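The values are calculated or read from the model by the stated rules, or taken from the named source; none is laboratory data. Nothing here was measured: the structure is a model prediction, and the numbers come from that model. Every residue, glycine among them, receives a Cβ derived from its backbone with ideal geometry; neighbour counts consider all protein chains shown. We work out accessible area using only protein heavy atoms, side chains counted, and drop any ligands, DNA or RNA first. Shrake-Rupley method; radii C 1.70, N 1.55, O 1.52, S 1.80 Å.
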Amino acid sequence: MSSPKAQLKKRKRDFKLSTAVGRQPSPSAGVVSASGMANSKYEYVKCFEAEDEVMYPNIIVVQIDGREFGSFSEKQGFEKPNDEKALNLMNACAIKVLENFSDVIFAYGFSDEYSFVLKKETTFYQRRASKILSIIVSFFSSTFVTKWKEFFSQKELSVPPSFHSRVISCASMEVLQAYLLWRQTECHTSNLYNTCLWKLVFSGKSEKEAKEILKGTQKQEKNELLFQQFGINYKDLPQIFRQGSCAIKIKVEDIVKYRENGTPVKRPRKKAVIVHSENIATKGFWKNYSFLTEELGLLAEGINKIKPEYLRSFQFESKLMLSTWIVVRIDGCHFHRFCEDNGFQKPNNEQALNLMNSCAVSLLEMFKDIIFAYGVSDEYSFVLKKGSLLYQRRSSEIVSAIVSLFSSMYVMKWKEFFPEKEFKEPPYFDGRCVCYPSSEILRDYLAWRQVDCHINNQYNTCFWLLVKSGKSRTEAQSSLKGTQTQEKNELLAQFGIDYNALPIMFRMGSSVFQDKDELTGNDKVVVEHCNIIDTSFWKEHPRILDEEEPLRTILRPHSNKMLRVS
């Protein structure tokens, strides 16, 4: 049997440069769809993408929680221990998730956390964990920013909110039931503690003193403290604080039209609502909502006590291989529709591309482990340095943090680039993490994306010129079918266009990286439109792929924490 290195070389030889007709719609450019990804000699890099399908009959739960939300809450001046407006904003975002994704049928949330349960037989994005968790966290993040003013009309968002997400694979209804019980118990426990803590602080104690008073106290003692010192019966506090919130679909009848005599015609539909319950992990609560039992099944009368350690074992928490380049690629979801709704110019909308670039710049400024990014259309690839230990290289945390922050930034920056436009639906992205073992293969990956940019842009430029000249979309596709690069250039020449004279951002995409400011000598993040396939770019910027001396990483005995040894 040949060695892995020999097999890799064979794969590279097997991929020959061939004519491609394009790809799926290039969202921020507003382009037409064609058939399949562009083929090139670099396409072998796709073999490094790992499968992460959650196998049936496991029930898929996506848990999201705020990233650095303690700091976010302080900066936004949220009330303590609970800010009801902030909780209602979280609930509104959860409702929007249920409305937008039919496979999400139930959600439970408290504080800055929400868990979304998909129907048992879902085939949502082929049950791929990275796709599912990134799409839901991206949509939630965009919606959070979009709906902010509904709940905080007098407050400006000073920093972009972002969330982590992970997939939890529940092997049975019993595990799902135990998971829901665990999260609601955590809601009860943390809210009781925080209520006591902040009452003590507001009465004059320091946080340190308050924590010392509460150290080792039991539930009954905390209830007594609240009642005796502050006259508060814990059970009288709002349900949303004590019990958390459930977003759930119920069946309702809506008026769809009126007959000529004025009588209404009603049709049943599913509507997402927020409800509160003392115990969401009981058969009694579950039976109240037939939709849950239809899509998931019944809960048991009661469950055995299951330790959190057992439940955590079902979390999809893969760690990425050490000393490899991590690439997080994000892509717009249904951006062809988003472009149509917002009237983006075709085949390229310069403002939309600059908005994408601006978001990428912000990410490089916020995540110092991102050393390079390449973007085209609605897509961006973020390269983390080879020795990165960001989030202990947990794939779900890395991809969700990046896609969530990018989504928030996109919405927050929208008005800078489209001051006259309001989007109808929040934009969102999916994401994935892929590891590449060498700088050579990483550069081949980036070359693959730039080749794709060239081919798609040339195709779409031709396509939209034909459409604008009077052809139907079907006729335009037929005219371009099987054409080579030279033939497309000749077609463009008929319209008086020299392809190489088109804006370089459209033809080459955008590269984002740290570079020296010629005036100050300090590092700054720059956006350039250049040929990254040629070796000259990398020779001019050797710092980007500078491979530090390999990190020797070990695991502490009986610990999951990585140590960095000099």
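A few points about this structure:
Residues are listed down the side, and each one gets a yes or a no for (1) surrounded by 14 or more Cβ atoms within 10 Å (Cβ to Cβ); (2) modelled with pLDDT of 90 or more; (3) under 30 Å from Cys435 (Cβ atoms); (4) touching a strand residue (DSSP E or B) at 6+ places or on another chain (Cβ under 6 Å):
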position: Leu296; (1), (2), (3), (4): yes, no, no, no
position: Ile326; (1), (2), (3), (4): yes, yes, yes, yes
position: Cys333; (1), (2), (3), (4): yes, yes, yes, yes
position: Asn348; (1), (2), (3), (4): yes, yes, no, no
position: Asn354; (1), (2), (3), (4): yes, yes, no, no
position: Ala360; (1), (2), (3), (4): yes, yes, yes, yes
position: Phe367; (1), (2), (3), (4): yes, yes, yes, no
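- Within region 278-291, residues that are over 14 Å from Val117 (Cβ atoms) and of a type in the set (D, E, K, R) sit with their Cβ atoms under 7 Å from residues that are at pLDDT 85 or above and not in a helix (DSSP H, G or I), at 6+ positions apart or across chains, in these pairs: Glu278/Gln243.
- Summed over region 202-215, the residues that are open to solvent by 40 Å² or more (accessible area, probe 1.4 Å) and part of a helix (DSSP H, G or I) give a count of 7.
- Some residue of region 154-171 being assigned to a helix (DSSP H, G or I) and buried (at least 17 other Cβ atoms within 10 Å of the Cβ): no
- Residues (out of contact with any helix residue (DSSP H, G or I) (no Cβ under 9 Å at 6 or more places or on another chain), among the polar types (S, T, N, Q) and either under 16 Å from His454 (Cβ atoms) or open to solvent by less than 30 Å² (accessible area, probe 1.4 Å) (or both)) located in region 474-527: Gln484, Gln486
- One residue from Lys199, Lys147 being part of a helix (DSSP H, G or I), more than 19 Å from the chain's Cα centre (by Cα) and surrounded by fewer than 23 Cβ atoms within 10 Å (Cβ to Cβ): Lys199
- From the list Cys93, Cys47, the lone residue that is open to solvent by 30 Å² or more (accessible area, probe 1.4 Å) and among the hydrophobic types (A, V, I, L, M, F, W, C) is Cys47.
- Residue match in region 176-194 (condition: within 17 Å of Ile280 (Cβ to Cβ), polar (S, T, N, Q), free of Cβ contacts under 8 Å to residues at least 60 places away in the same chain and open to solvent by 30 Å² or more (accessible area, probe 1.4 Å)): yes
- When Pro419 is tested against (1) surrounded by fewer than 24 Cβ atoms within 10 Å (Cβ to Cβ); (2) farther than 20 Å from Ser141 by Cα; (3) in contact (Cβ under 8 Å) with a residue 24 or more places away in the chain, just one condition goes unmet, and that condition is (3).
- Selection from region 86-111 of residues that are among the small types (Gly, Ala, Ser), part of a helix (DSSP H, G or I) and within 18 Å of Ile280 (Cα to Cα): Ala94
- Evaluation of Ser134 against the conditions (1) farther than 30 Å from Lys80 by Cβ; (2) of a type outside the set (A, V, I, L, M, F, W, C); (3) modelled with pLDDT under 95; (4) in contact with a strand residue (DSSP E or B) (Cβ under 7 Å, 6 or more places away or on another chain) shows that the sole unmet condition is (3).
- Tyr258 over 22 Å from Met173 (Cβ atoms), more than 27 Å from the chain's Cα centre (by Cα) and buried (at least 18 other Cβ atoms within 10 Å of the Cβ): no
- Checking Asp517, Asp523, Asp498, Asp546 one by one, the residue that is modelled with pLDDT of 90 or more and acidic (Asp, Glu) is Asp498 and no other.
- Restricting attention to region 372-391 and to residues that are surrounded by fewer than 21 Cβ atoms within 10 Å (Cβ to Cβ) and touching a strand residue (DSSP E or B) at 6+ places or on another chain (Cβ under 6 Å), the residue that is farthest from Thr324 (Cα to Cα) turns out to be Leu389.
- Residues within region 113-128 that are over 17 Å from Val273 (Cα atoms) and of a type in the set (Val, Ile, Thr), tallied: 2
- Pairs are defined by a Cβ separation below 8 Å, a sequence spacing of at least 6 or placement on different chains, a first member in region 112-124 that is closer than 15 Å to Ser134 by Cβ, and a second member that is assigned to a loop (DSSP other than H, G, I, E, B); the pairs so defined are Leu118/Asp103; Phe124/Phe101; Phe124/Asp103.
- Region 245-270, residues that are assigned to a strand (DSSP E or B) and β-branched (Val, Ile, Thr): Ile248, Ile250, Val252, Ile255, Val256, Val265
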